[in-house]
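Accompanying notes for the structure given below.
The values are calculated or read from the model by the stated rules, or taken from the named source; none is laboratory data. Computed from a prediction, not measured in an experiment: that's the story for all the values here. As a convention, Cβ positions derive from the backbone with ideal geometry for all residues, glycine included, and neighbour counts pool all protein chains shown. Keep in mind that these areas ignore ligands, DNA and RNA; they rest on the heavy atoms of the full protein, side chains included. Shrake-Rupley method; radii C 1.70, N 1.55, O 1.52, S 1.80 Å.
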Amino acid sequence: MSEIAGGDHSSNSNHYRGIAFDADNMSVSNGTFVSACKAYGATEALDEGNHVHCAWE
(Lines give C-alpha, C1' and ligand atoms only; values in the text may rest on other atoms or scores of the structure.)
Protein backbone atom coordinates (compact mmCIF):
# COMPACT_ATOMS: atom_id res chain seq x y z
CA MET A 1 0.00 0.00 0.00
CA SER A 2 1.15 3.53 -0.57
CA GLU A 3 -0.30 6.77 0.58
CA ILE A 4 -0.02 10.18 -1.04
CA ALA A 5 -2.80 12.39 0.29
CA GLY A 6 -4.84 10.19 2.61
CA GLY A 7 -4.25 9.37 6.21
CA ASP A 8 -3.60 11.75 9.03
CA HIS A 9 -0.99 14.34 8.08
CA SER A 10 -0.46 17.92 9.21
CA SER A 11 -2.10 20.59 7.07
CA ASN A 12 1.25 21.67 5.61
CA SER A 13 2.35 18.10 4.84
CA ASN A 14 4.34 17.43 1.68
CA HIS A 15 1.82 14.64 1.03
CA TYR A 16 -0.81 17.25 0.15
CA ARG A 17 1.65 19.10 -2.08
CA GLY A 18 2.14 15.89 -4.09
CA ILE A 19 5.85 15.57 -3.31
CA ALA A 20 5.79 12.86 -0.63
CA PHE A 21 4.38 9.40 -0.13
CA ASP A 22 4.33 6.59 2.42
CA ALA A 23 4.75 2.96 1.43
CA ASP A 24 4.29 -0.28 3.36
CA ASN A 25 3.87 -4.01 2.74
CA MET A 26 6.70 -3.94 0.20
CA SER A 27 8.54 -6.94 -1.21
CA VAL A 28 11.85 -5.42 -0.06
CA SER A 29 13.05 -4.29 3.37
CA ASN A 30 12.37 -0.78 4.60
CA GLY A 31 16.11 -0.07 4.47
CA THR A 32 16.30 -1.11 0.83
CA PHE A 33 13.33 1.09 0.00
CA VAL A 34 14.86 4.06 1.85
CA SER A 35 18.04 3.59 -0.21
CA ALA A 36 16.01 3.48 -3.42
CA CYS A 37 14.21 6.72 -2.53
CA LYS A 38 17.56 8.39 -1.90
CA ALA A 39 18.93 7.03 -5.18
CA TYR A 40 15.99 8.66 -6.97
CA GLY A 41 16.77 12.02 -5.36
CA ALA A 42 14.52 12.05 -2.30
CA THR A 43 15.44 14.87 0.07
CA GLU A 44 13.79 12.95 2.91
CA ALA A 45 13.69 9.15 3.22
CA LEU A 46 12.68 7.77 6.61
CA ASP A 47 12.12 4.26 7.93
CA GLU A 48 9.22 4.91 10.28
CA GLY A 49 8.92 1.30 11.41
CA ASN A 50 5.59 0.29 9.90
CA HIS A 51 6.17 2.25 6.67
CA VAL A 52 8.72 4.26 4.71
CA HIS A 53 8.23 7.97 4.10
CA CYS A 54 9.86 9.54 1.01
CA ALA A 55 9.70 13.20 -0.03
CA TRP A 56 11.18 15.47 -2.68
CA GLU A 57 11.51 19.24 -2.49
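Identify all residues within the range 38-49 that are at negative phi, open to solvent by 40 Å² or more (accessible area, probe 1.4 Å), in contact with a helix residue (DSSP H, G or I) (Cβ under 9 Å, 6 or more places away or on another chain) and in a loop (DSSP other than H, G, I, E, B); write none if there are none. E48 - this is the single residue of the range 38-49 that is at negative phi, open to solvent by 40 Å² or more (accessible area, probe 1.4 Å), in contact with a helix residue (DSSP H, G or I) (Cβ under 9 Å, 6 or more places away or on another chain) and in a loop (DSSP other than H, G, I, E, B). From the list S27, S11, exactly one residue is in a loop (DSSP other than H, G, I, E, B), modelled with pLDDT under 90 and open to solvent by 70 Å² or more (accessible area, probe 1.4 Å). Which is it? After ruling out the rest, the residue left standing is S11.
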